[in-house]
Amino acid sequence: MTESDLDWVAAQEADLHDFPWTRGNFADSLHAGYDARVLRIDGAAVGYAIMFRVLDEAHLLNISVMRALHNHGIGARMLRRFMDIAREQGASQMFLEVRPSNLPALALYRRLGFVAVGRRKRYYPAVDGGREDALLMRTAL
């Protein structure tokens with residue numbers, strides 16, 4: 001991901017999520033040196049992901065695929081690649097947070113070996129004006 005990708009990434013994020021990251025959040029991630037990537041298929045951007053690593057831990061912050069391409073295995077492909085990258089960089093485990101209501105994401109994460117190891121109370125804003133917990137998930141790399 002580069003600065004030139006940020007408008008596309010922010011537009012996709014706004015289409016995909018009720019509470020999207022802003023363009024500034026993505027720019028901040030780039031400037032912080034996080035591993036931020038856009039997946040392109042035949043030259044066309046189709047998804048993006050951001051991860052950071054601290055010592056032997058990788059933390060997946062965001063992974064998203066264009067709505068029109070959901071259920072085509074692209075998210076799994078991206079996540080497997082990020083797991084490989086984290087392992088190559090010396091990480092022995094990866095963490096992520098996910099909404100318990102995000103059943104497709106939960107199924108993907110579980111299929112790739114992630115297990116719930118905790119819950120962050122009232123972590124996410126909810127459409128009803130309240131807050132939704134986050135499941136903290138982990139996998140060994």
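Read the figures in this text as sums done on the coordinates, not as results from a lab. Source: prediction; values computed, not measured. Don't worry about glycine lacking a Cβ; one is built from the backbone with ideal geometry, like all the others, and counts go over all protein chains shown.
Mind giving me the FRET efficiency for Ala27 and Gln89? R0 is 35 Å, r the Cβ-Cβ distance, nearest 0.05 is fine. Don't skip to the end; give the middle numbers.
Details: r = 22 Å, r/R0 = 0.64.
The pair Ala27/Gln89 has a calculated efficiency of 0.95.
Assign one of three labels to the stretch 65-141, namely rounded, prolate or oblate, based on the Cα gyration tensor with a ≥ b ≥ c the square roots of its eigenvalues; rounded applies when a/c is under 1.5, prolate when it is not and a/b is larger than b/c, and oblate otherwise.
Numbers: a/c = 2.38, a/b = 1.32, b/c = 1.80.
It is oblate, given that a/c is not under 1.5 and a/b is not larger than b/c.
How big is the chain on each of its three principal axes, counting only the C-alpha atoms and giving the largest first in Å?
Reported extents, whole Å, longest axis first: 40, 37, 31.
Please identify which residues in the stretch 1-40 have an amide N closer than 19 Å to a label point set 7 Å out from the Cα of Glu57, following the Cα→Cβ vector.
33-35
Given the chain, what percent of its DSSP beta bridges are antiparallel, to the nearest 5?
Within the chain, antiparallel bridges account for around 90 percent of the total.
What distance in nm separates the two pseudo spin-label positions at Arg110 and His72, each 7 Å out from Cα along the beta-carbon direction?
Each label point is offset 7 Å from its Cα along the Cβ direction, giving 2.6 nm.
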